[in-house]
1. Of all residues in the range 289-323, how many are of a type in the set (Asp, Glu) and in a loop (DSSP other than H, G, I, E, B)?
2. Here is a check on your reading of the model: is GLU31 touching a strand residue (DSSP E or B) at 6+ places or on another chain (Cβ under 8 Å) and part of a strand (DSSP E or B)?
3. Looking only at the range 272-291, decide whether some residue is over 21 Å from TYR160 (Cα atoms), open to solvent by less than 40 Å² (accessible area, probe 1.4 Å) and under 17 Å from the mean Cα position of the chain (by Cα).
4. Picking from ALA200, ALA176, which residue would you name as being touching a residue at least 24 places away in the same chain (Cβ under 8 Å), over 21 Å from ASP41 (Cβ atoms) and aliphatic (A, V, I, L, M)?
5. When both residues are 6+ apart or on different chains and their Cβ atoms are under 7 Å apart, which pairs have a first residue that lies in the range 311-329 and is crowded, with 17+ Cβ neighbours inside 10 Å, and a second that is of a type in the set (Lys, Arg)?
6. Do we find a residue being closer than 24 Å to ALA211 by Cα and among the hydroxyl-bearing types (Ser, Thr, Tyr) anywhere in the range 308-324?
7. Is it true that some residue in the range 240-249 is at pLDDT below 95 and at positive phi?
8. Output the residue which, of all residues in the range 30-62 that are under 21 Å from GLY151 (Cα atoms) and in contact with an Asp or Glu (Cβ under 7 Å, 6 or more places away or on another chain), is surrounded by the fewest Cβ atoms within 10 Å (Cβ to Cβ).
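The values are calculated or read from the model by the stated rules, or taken from the named source; none is laboratory data. Source: prediction; values computed, not measured. Cβ placement follows ideal geometry from the backbone for every residue including glycine, while neighbour counts extend to all protein chains displayed. These area figures cover heavy atoms from the full protein model, side chains too; ligands, DNA and RNA do not enter into them. Shrake-Rupley method; radii C 1.70, N 1.55, O 1.52, S 1.80 Å.
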Amino acid sequence: MRAAVLETHGEPLEIEDVPEPEPAPDQAIVETEACGICRSDWHAWQGDWSWVGASVPEGQILGHEPAGIVSAVGENVETLQEGDRVAVPFHLGDGTCSHCREGRANNCETVVPLGLSGAAPGAFAEAFPVREADFNCVKLPDSVEFTEMAGLGCRFMTAYHALADRAELRPGDWVAVHGCGGVGLSAIHIADALGAHPIAVDVRDDKLERARELGASAAVNSTEVEHPARAVRSLADGGADVSIDALGIAETCRNSVASLGTRGTHVQVGLTTGEEEGEIELPVDAITMKELDVHGSHGMPLVRYQELFKLIGEGTLDPSKIIGETLSLEDVPNTLASMDDYETVGIPVITEF
């Protein structure tokens, strides 16, 4: 089968013929119908995360935002069969640790990230294996298309968890979103759909325009104002109730915290690059005196999928609105390279393998 393989960090992915996967006893093989191309794939391609011991090995098949059809199951798989339509979250849990048992599989003690670990070849391929398939494969309602599900395995669900669970977003809240890539635009759409007032912050007018189309109440081009956080506070009646760093660089992280009003909540979603190596200075005195909350957010518990499907079915949420363009597997190397300069708008999705 064909796959896009990371042979050398920073060099274009190679489109190669690789052996088709065979299911282990607990695994399902999923034929890929759609897969998003995420900034986390860009991080992996760059060789980031060595500072936390999570650098992706060369030889890896990337891709962690898939939806597809089960083509084979291992002998111990009980709840899946060939032909099932499924989504697969990027954080493949074991289903048995205390976090998984408590409904927080995104915090699994032995998590294996799909497409980001040698133990879990990814979905930039015609097919891929899923460990503990009964636990990790989420059956799709017939009404949900594969392409709109492609971002739900990472960026869309991450934004939902960040806002609904970690920030406990309330209708009427002002929400500043710093960085309008795929996860940032997802956060804009979700915040608007849940009755909040999102403010988009980015350096590119095309991304800010897309944010407005998705429901942003206001937009700030941070290259056109001296103090982006001050601009947000002015728009948000003195300060945002919730602010998200959806990018992961020092500037957006600090601006996110500085955008908040008293007792506001900062949620860190973006992961850092080799520039920060996981360390960013924050205004601790302001956090203390304004009683700010600071949260991290990583993926989404599997138990929350049904609520997402319900909101999608009702028309409250529409992941398809975040899709930027549909691509073929051959387009992956150039699309990843374009992320160097933040050129993608919305979520690029592979639909041709």
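1. Selection size over the range 289-323: 2.
2. Numbers: touching a strand residue (DSSP E or B) at 6+ places or on another chain (Cβ under 8 Å): yes; part of a strand (DSSP E or B): yes.
Yes.
3. yes
4. Details: ALA200 fails: touching a residue at least 24 places away in the same chain (Cβ under 8 Å).
When all the criteria are applied, what remains is ALA176.
5. Every condition considered, the pairs that remain are LEU329/ARG2.
6. Residues of the range 308-324 that are closer than 24 Å to ALA211 by Cα, as a first pass: 308-324.
Still in the list and also among the hydroxyl-bearing types (Ser, Thr, Tyr): 316, 320.
Yes, because at least one residue in the range 308-324 is closer than 24 Å to ALA211 by Cα and among the hydroxyl-bearing types (Ser, Thr, Tyr).
7. Kept after step one, since they are at pLDDT below 95, are these residues of the range 240-249: none.
No - not one qualifying residue is present in the range 240-249.
8. Per the stated criteria, the residue is GLU31.
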